[in-house]
Amino acid sequence: MTIESIIQGCQQGDSEARRELYQRYATAMFSLVRRYVRVRAAAEDVFHDGFVLVYTKIDTYDHRG
């Protein structure tokens, strides 16, 4: 899947697209969160909240910039 098709799928509520988005970016996102949040449990909360925010705001994404 291309990132464009993943985003489009997420915008349409496709759970497979959401799973793919998570699988592609979870490791990098969690690593970034851990740089700023040292307590693992707190970092997991921030990480989770970040993905919830991505999923709820994906309809506003505009690839044109």
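The values are calculated or read from the model by the stated rules, or taken from the named source; none is laboratory data. Everything quoted here is computed from the prediction, not taken from an experiment. Quick reminder, even Gly has a Cβ in these numbers, built from the backbone with ideal geometry, and neighbours come from all protein chains shown. Only protein heavy atoms, including side chains, enter the accessible area calculation; ligands, DNA and RNA are left aside. Shrake-Rupley method; radii C 1.70, N 1.55, O 1.52, S 1.80 Å.
Kindly give the semi-axes, whole Å and largest first, of the ellipsoid equivalent to the chain, taking each as the square root of 5 times a Cα gyration tensor eigenvalue.
24, 11, 11
What part of the accessible area of the chain, given as a whole %, is carbon or sulfur when the probe is 1.4 angstrom?
Looking at the chain in its full context, I get 53 percent from C and S.
Scanning the chain for helices, which whole DSSP H stretches are 24 Å or more long along the axis (Cα) and average 0.0 or more by Kyte-Doolittle?
Correct list, ordered by number: 40-57.
I'd like to check one number: the per residue accessible area of the chain, probe 1.4 Å, reported in Å² as a whole number.
76 Å²
Once you put a point 7 Å from the Cα of His48 and another 7 Å from the Cα of Gln23, both along the Cβ direction, what distance in nm separates them?
In this crude spin-label approximation the distance works out to 2.3 nm.
Once ligands and nucleic acids are excluded and a 1.4 Å probe is used, how much of Glu4 is accessible, expressed in Å² to the nearest 10?
120 Å²
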